[in-house]
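Colleague: My questions all concern the structure below.
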Amino acid sequence: MYSYEFKPQAVRDLKKLPKNVQKRIIKKLDYFVSFDNPLVFADHLVNFEIGSYRFRIGDYRVIFDVVDEKIIILTLGHRREIYR
């Protein structure tokens, strides 16, 4: 079973977002990890400098890597700013 953890940068990014968006992102992450393979909801990133995968949650993107069965959330933010 998969689980997730936030890197310190991702926690800072999350705290900058409005409360309703924070709750939506956490709820969606819980939904994704409840499946046997949450990577079916993820897309590979072309630029591996920022991370390996991304989840799309509305207009927000969650950038992460996978180590064993743990999703390491590196950063998150609005889609127009996250890839810069």
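Colleague: In region 22-64, what residues are part of a strand (DSSP E or B) and either surrounded by 16 or more Cβ atoms within 10 Å (Cβ to Cβ) or polar (S, T, N, Q) (or both)?
Modeller: Residues satisfying the conditions are TYR53, ARG54, PHE55, ILE57, TYR60, ARG61, VAL62, ILE63, PHE64.
Colleague: Which of the residues belonging to region 67-83 are of a type in the set (A, V, I, L, M), closer than 18 Å to ILE25 by Cα and in a strand (DSSP E or B)? Before the answer, list the steps.
Modeller: If we filter region 67-83 for residues that are of a type in the set (A, V, I, L, M), which is where we start, we get 67, 71-74, 76, 82.
Going one step further and asking which of them are closer than 18 Å to ILE25 by Cα, we end up with 71-74, 76, 82.
Within region 67-83, ILE71, ILE72, ILE73, LEU74, LEU76 qualify.
Colleague: What tally of residues in region 39-81 results from selecting those that are under 11 Å from the mean Cα position of the chain (by Cα) and either in contact (Cβ under 8 Å) with a residue 60 or more places away in the chain or farther than 19 Å from GLU5 by Cα (or both)?
Modeller: 8
Colleague: Now for a separate question. Find the residue count for region 14-27, including only residues that are out of contact with any helix residue (DSSP H, G or I) (no Cβ under 8 Å at 6 or more places or on another chain) and over 17 Å from ILE71 (Cα atoms).
Modeller: Here the count works out to 7.
Colleague: Please go through region 26-84 and pick out each residue that is modelled with pLDDT of 95 or more, touching a strand residue (DSSP E or B) at 6+ places or on another chain (Cβ under 8 Å) and β-branched (Val, Ile, Thr).
Modeller: Passing the criteria: VAL33, VAL62, ILE63, VAL66, ILE71, ILE72, ILE73, THR75.
The values are calculated or read from the model by the stated rules, or taken from the named source; none is laboratory data. Computed from a predicted structure; not experimentally measured. All Cβ positions, glycine included, derive from the backbone under ideal geometry; neighbour counts span all protein chains shown.
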